[in-house]
Amino acid sequence: MDPRLRGDDAGQVRMNSDRKILVGMIAGAHGVKGDVRLKSFTEEPADIAKYQPLTDQSGGREFAVKLKAATNNYFIASVAGVKGRDEAEALRGTRLYAARAALPKLRKREYYEADLIGLAAVDAQGRDAGK
């Protein structure tokens, strides 16, 4: 899933440079040495390692990840400070965010999904459909 979307009205999209962008998720433990299965949501999946430090949604925890191998659906990665399967498994479901400033510059009429949150939505006839 690419966190970028194309849009038609660049004037309405709020591009907050302080906003964090969801770039991946820890899917669970891999093996017994503390490695994790890492799902990337970036356009180029391996680029998730370039956008460090990654944080949780609150920004309270940082995760330094190192990609070790790739499979069809995820990466096997190490997370700094994680030792053993139990610690890795405890991270299952952790969503990983990157600072917007660390991500690639967007092309014209292209947006991150996070930029669209809170915008007015209208149907094809221009009627209000919510936010």
statement: Checked GLY24, GLY118 against criteria (open to solvent by less than 30 Å² (accessible area, probe 1.4 Å) and either part of a loop (DSSP other than H, G, I, E, B) or in contact with a strand residue (DSSP E or B) (Cβ under 6 Å, 6 or more places away or on another chain) (or both)); the one match is GLY24
task: Filter the stretch 48-58 down to residues that are within 15 Å of PHE75 (Cα to Cα) and in contact (Cβ under 8 Å) with a residue 40 or more places away in the chain and give me whichever is most open to solvent (accessible area, probe 1.4 Å).
output: LYS50
- request: Out of LYS68, LYS39, report the one residue that is modelled with pLDDT of 95 or more, more than 28 Å from ALA120 (Cβ to Cβ), open to solvent by 70 Å² or more (accessible area, probe 1.4 Å) and touching a Gly at 6+ places or on another chain (Cβ under 7 Å).
  value: LYS39
- prompt: Would the stretch 88-107 turn up any residue that is open to solvent by 70 Å² or more (accessible area, probe 1.4 Å), in contact (Cβ under 8 Å) with a residue 12 or more places away in the chain, of a type in the set (Asp, Glu) and not in a loop (DSSP other than H, G, I, E, B)?
  reply: no
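The values are calculated or read from the model by the stated rules, or taken from the named source; none is laboratory data. Keep in mind that this is a model prediction, so the values were computed, not measured. Counting neighbours? That spans all protein chains shown, and the Cβs are built from the backbone with ideal geometry, glycine included. The protein model used for the area step is the full one, side chains on, heavy atoms only, and it has no ligands, DNA or RNA in it. Shrake-Rupley method; radii C 1.70, N 1.55, O 1.52, S 1.80 Å.
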